[in-house]
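Scroll down for the structure; my scribbles are underneath it.
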Amino acid sequence: MTPPALPPSTRIAFIGGGNMASAIIGGLIRQGLPAANIQVVEPFEAARAALKAQHDIDAAPAAAPALADAGLIVWAVKPQSFREASAPVAPHVGNALQLSVMAGIRAADIAAATGSARIVRCMPNTPALVGRGMTGLFASAAVSAADRQLAEAVIRTTGDALWVEREAQLDAVTALSGSGPAYVFYFLEAMQQAGTELGLSAEQARRLAVGTFAGGAQLAADSTEPLALLRERVTSKGGTTYAALTAMDQAGIKDAFVQAMHAACTRARELGDEFGR
């Protein structure tokens, strides 16, 4: 799906220039936004050097009055760094739309720190680095339709996007898709290990595992049928898949997996409590 068009006059500032900021910046530039329209505040020299090498952007080590030129501020710092990072930025950004990619930090706390009531929170994931991200978004009451369109246009340069109606749902988004790529890699590691134990080379096992995950995900994406039905179609009673799934059920893997995401959701709420105020 083609992302919504960004007006070429859009001016965006990123507070934080790490991997997620770099992924969004790359998407913006690919969609035609001039690099000159993008500011970045990034205190770490190595990250500034990476932005220069990858996107030809000269990031600043500290906030400056030029931030007031940006109509959109993207908060891309770690949650535990937000309070420290926001203090020097706040005097310059109160009139801008605030787009946060920070886990846990709530809209009310961002508004209090920046002086802007126009807050869009989102939770992207690392496949944004290859243009296949999945991002959940939430807009505060002061966000206009035009603001929502701008925020979505920015985020969808990195993949797909889904709006949620309640801010609390972003904690579930964080648990499901924000942390989700790690779950995929975890299962891929296990599949590769099993493959090598069964006689395949590590390279063969990795290729089979990655290809199977990618193909299975695409099959699910292209189908409107329930996921359980897709699973059942691969599972013949008494067959190899049945043996594998029975072993997983007996080991309690599904229940443990569900509980793991509950733990991630709880931690997302805790981050807001710990670092938002």
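Within the range 1-40, the set of residues being over 18 Å from Gln98 (Cβ atoms), of a type in the set (A, V, I, L, M, F, W, C), in contact (Cβ under 8 Å) with a residue 60 or more places away in the chain and surrounded by 17 or more Cβ atoms within 10 Å (Cβ to Cβ) comprises Ala23 only. A Cβ distance below 6 Å, combined with a sequence gap of six or more or placement on separate chains, defines the contacts here; from the range 75-92, residues that are assigned by TED's automatic domain parsing to the domain that holds Met20 reach residues that are at pLDDT 95 or above and of a type in the set (S, T, N, Q) in the pairs Trp75/Ser100.
Within the range 159-185, can you find the residues that are of a type in the set (Val, Ile, Thr) and either closer than 26 Å to Ala141 by Cβ or in a loop (DSSP other than H, G, I, E, B) (or both)? Please lay out each step first, then the result.
Within the range 159-185, the subset of a type in the set (Val, Ile, Thr) is 164, 173-174, 184.
Selection gives Val164, Val173, Thr174.
Could you grab me the full set of residues in the range 204-223 that are loosely packed, with under 14 Cβ neighbours inside 10 Å and of a type in the set (D, E, K, R)? Hit for the range 204-223 is Asp222, nothing else.
Got a sec? Which of Leu188, Leu200, Leu208 is out of contact with any strand residue (DSSP E or B) (no Cβ under 8 Å at 6 or more places or on another chain), part of a loop (DSSP other than H, G, I, E, B) and farther than 21 Å from Leu162 by Cβ? Spell out the reasoning first.
Working: Leu188 fails: part of a loop (DSSP other than H, G, I, E, B); Leu208 fails: part of a loop (DSSP other than H, G, I, E, B).
Step by step, each of Leu188, Leu200, Leu208 is checked, and only Leu200 is out of contact with any strand residue (DSSP E or B) (no Cβ under 8 Å at 6 or more places or on another chain), part of a loop (DSSP other than H, G, I, E, B) and farther than 21 Å from Leu162 by Cβ.
Scanning the range 156-194 for residues that are surrounded by 20 or more Cβ atoms within 10 Å (Cβ to Cβ) and in contact with a Cys (Cβ under 6 Å, 6 or more places away or on another chain) gives Asp171, Ala175.
Let me confirm something: among Asp222, Asp109, Asp171, Asp147, which residue is of a type in the set (Asp, Glu), in contact with a Lys or Arg (Cβ under 8 Å, 6 or more places away or on another chain) and free of Cβ contacts under 8 Å to residues at least 60 places away in the same chain?
From the options Asp222, Asp109, Asp171, Asp147, the qualifying one is Asp147.
Check whether at least one residue in the range 105-117 is in contact with a His (Cβ under 8 Å, 6 or more places away or on another chain) and either at pLDDT below 95 or not basic (Lys, Arg) (or both), and report yes or no. Talk me through it step by step, then tell me what you get.
Filtering the range 105-117 for residues in contact with a His (Cβ under 8 Å, 6 or more places away or on another chain) gives none.
No, the conditions are met nowhere in the range 105-117.
Report yes if some residue within the range 143-156 is assigned to a helix (DSSP H, G or I), more than 30 Å from Leu245 (Cα to Cα) and polar (S, T, N, Q); otherwise report no. Checked the range 143-156: at least one residue is assigned to a helix (DSSP H, G or I), more than 30 Å from Leu245 (Cα to Cα) and polar (S, T, N, Q). When the test is whether a residue is under 30 Å from Ala111 (Cα atoms), touching a residue at least 24 places away in the same chain (Cβ under 8 Å) and not in a loop (DSSP other than H, G, I, E, B), Ala264 passes it.
Considering (1) among the aliphatic types (A, V, I, L, M); (2) under 20 Å from the mean Cα position of the chain (by Cα); (3) not in a helix (DSSP H, G or I), the lone condition that Ala214 does not fulfil carries the number (3). Scanning the range 41-59 for residues that are assigned to a loop (DSSP other than H, G, I, E, B) and surrounded by 18 or more Cβ atoms within 10 Å (Cβ to Cβ) turns up Glu42, Ile57, Ala59. Out of everything in the range 199-211 that is farther than 18 Å from Pro181 by Cα and free of Cβ contacts under 8 Å to residues at least 12 places away in the same chain, what residue ends up being farthest from the chain's Cα centre (by Cα)? Ranking the candidates gives Gly199 first. So which of Ala13, Ala35 ends up being modelled with pLDDT under 95 and among the aliphatic types (A, V, I, L, M)? It is Ala35.
Residue-by-condition table, conditions (1) charged (D, E, K, R); (2) buried (at least 17 other Cβ atoms within 10 Å of the Cβ); (3) over 20 Å from Val154 (Cβ atoms):
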residue	(1), (2), (3)
Pro91	no, no, yes
Arg106	yes, yes, yes
Ala112	no, no, yes
Gly115	no, no, yes
Arg118	yes, yes, no
Pro124	no, yes, no
Ala128	no, yes, no
Gly133	no, yes, no
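The values are calculated or read from the model by the stated rules, or taken from the named source; none is laboratory data. In this text the structure is predicted, and so the values were computed from the model without any measurement. Using ideal geometry, Cβ is built from the backbone for each residue, glycine included, and neighbour counts are taken over all protein chains shown.
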